[in-house]
1. Return a yes/no flag: does the range 28-42 have any residue that is under 28 Å from the mean Cα position of the chain (by Cα) and either assigned by TED's automatic domain parsing to the domain that holds residue 128 or of a type in the set (Gly, Ala, Ser) (or both).
2. List the residue pairs whose Cβ atoms are under 6 Å apart, where the first residue sits in the range 142-171 and is over 21 Å from residue 226 (Cα atoms), the second is surrounded by fewer than 19 Cβ atoms within 10 Å (Cβ to Cβ), and the two are 6 or more positions apart or on different chains.
3. Determine whether residue 70 is among the charged types (D, E, K, R), open to solvent by less than 50 Å² (accessible area, probe 1.4 Å), under 30 Å from residue 221 (Cα atoms) and under 16 Å from the mean Cα position of the chain (by Cα).
4. Got a sec? Which of 150, 160 is touching a Phe, Trp or Tyr at 6+ places or on another chain (Cβ under 9 Å) and acidic (Asp, Glu)?
5. Mind telling me which of the residues 83, 113, 125, 109 ends up being modelled with pLDDT under 95 and over 19 Å from residue 235 (Cα atoms)?
6. With 237, 211, 225, 200 as the choices, which residue is touching a Pro at 6+ places or on another chain (Cβ under 9 Å) and either open to solvent by less than 50 Å² (accessible area, probe 1.4 Å) or farther than 17 Å from residue 105 by Cβ (or both)?
7. Would you point out the residue of the range 188-239, among those that are farther than 16 Å from residue 82 by Cα and in contact with a Cys (Cβ under 7 Å, 6 or more places away or on another chain), that is farthest from the ligand (Cβ to nearest atom)?
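The values are calculated or read from the model by the stated rules, or taken from the named source; none is laboratory data. Predicted model, so just to flag it, every value in this text is computed and none were measured. A quick note on method: Cβ atoms are made from the backbone with ideal geometry, for glycine too, and the neighbour counts reach across all protein chains shown. The accessibility values were calculated without ligands, DNA or RNA, using every heavy atom of the protein model including side chains. Shrake-Rupley method; radii C 1.70, N 1.55, O 1.52, S 1.80 Å.
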Amino acid sequence: MQQYFADKPLKTGEEYIFTKEQAHHARDVLRMNHERIRLVYDGKGYFADAYPRGREFAAMVESEDPNDNELSVSVTLCAALIRREKMEFVLQKAAELGVSRIVPFESSRCVVREKKEKSLRLKERWTAILREASEQCKRSRIPELTDITDFDHLKEYMGDANLAAYENAYGTGRMLSECLGGSSITVVIGPEGGFSKEEVEKLAAAGFEPVSLGSRILRAETASVYACSVIAEWAEVRL
Ligand code: SAM
């Protein structure tokens with residue numbers, strides 16, 4: 001079932017007119033005719049019957065969807081900048097795994113530096129990836145994407161539980177899954193080159209507990225997916 005994020009409020013029994021992009025996607029990409037779809041507006045999902053309407057496309061909003069397909073906790077993923085295609089993979093998987101907010105950041109050992117003048121275009125591209133991934137997995141919200149920030153501002157994004165993935169925490173610190181609680185969780189994942197010792201100390205001093213994701217050294221993109229998966233599973237089964 002195809003989903004679209006509506007650009008105006010939805011009401012059962014009323015017709016929603018697709019945006020130009022949505023009409024193009026429905027008609028020319030999906031070759032849609034009469035089809036049941038899911039529409040979302042402001043975090044609420046509806047089932048609707050879509051149909052071509054002259055050169056446009058429309059849908060009659062039928063009923064509310066009781067499931068919003070969102071996690072019961074708010075998850076913030078602070079992800080250090082990594083190579084472009086891997087970063088985009090992380091964004092897509094974070095959206096599928098229910099993350100509420102993504103904070104890309106630069107730290108001392110990032111091999112990638114995004115130029116300020118390019119960041120607007122990059123943010124548009126990354127937001128499109130988040131929207132497409134959220135539509136594909138039938139979420140009712142698109143993760144918020146902040147501007148690229150720097151390491152020293154991560155404390156501005158803390159929640160009830162604040163965890164920094166650190167490979168040297170294996171055997172000395174707790175596992176991520178032992179540290180989950182509250183209604184908002186922030187997890188920090190470092191870059192390909194990892195965190196410097198000073199950065200780990202700064203994170204701990206700010207209140208981020210260094211946690212292990214196991215004995216193996218994971219690629220940064222694997223670590224992000226691993227951490228978001230553990231949190232999503234915990235959120236789904238917790239009482
Ligand atoms: N310093 C690592 C090394 O020795 O090769 C490289 C960093 S790793 C490629 C990238 C990031 O993934 C780390 O900064 C950390 O946040 C996370 N990470 C990878 N494996 C981890 C593990 N076993 N436990 C906790 N965090 C891990």
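1. Checking the range 28-42: not a single residue is under 28 Å from the mean Cα position of the chain (by Cα) and either assigned by TED's automatic domain parsing to the domain that holds residue 128 or of a type in the set (Gly, Ala, Ser) (or both).
2. Going by the 6 Å Cβ cut-off, the qualifying pairs are 148/114; 148/119; 150/106; 155/206.
3. Numbers: among the charged types (D, E, K, R): yes; open to solvent by less than 50 Å² (accessible area, probe 1.4 Å): yes; under 30 Å from residue 221 (Cα atoms): yes; under 16 Å from the mean Cα position of the chain (by Cα): yes.
So residue 70 fits the description; yes.
4. On the way: 160 fails: touching a Phe, Trp or Tyr at 6+ places or on another chain (Cβ under 9 Å).
Of the residues listed, the single one that is touching a Phe, Trp or Tyr at 6+ places or on another chain (Cβ under 9 Å) and acidic (Asp, Glu) is 150.
5. Values: 83 fails: modelled with pLDDT under 95; 125 fails: modelled with pLDDT under 95; 109 fails: modelled with pLDDT under 95.
None of the other options fit; the residue is 113.
6. On the way: 237 fails: touching a Pro at 6+ places or on another chain (Cβ under 9 Å); 211 fails: touching a Pro at 6+ places or on another chain (Cβ under 9 Å); 225 fails: touching a Pro at 6+ places or on another chain (Cβ under 9 Å).
One residue alone meets the criteria, 200.
7. Top of the filtered list is 209.
Rundown of residues vs (1) away from the ligand (no atom under 12 Å from the Cβ); (2) open to solvent by 20 Å² or more (accessible area, probe 1.4 Å), yes/no style:
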position: 131; (1), (2): yes, yes
position: 135; (1), (2): yes, yes
position: 139; (1), (2): yes, no
position: 147; (1), (2): yes, yes
position: 163; (1), (2): no, no
position: 167; (1), (2): no, yes
position: 175; (1), (2): no, yes
position: 178; (1), (2): yes, yes
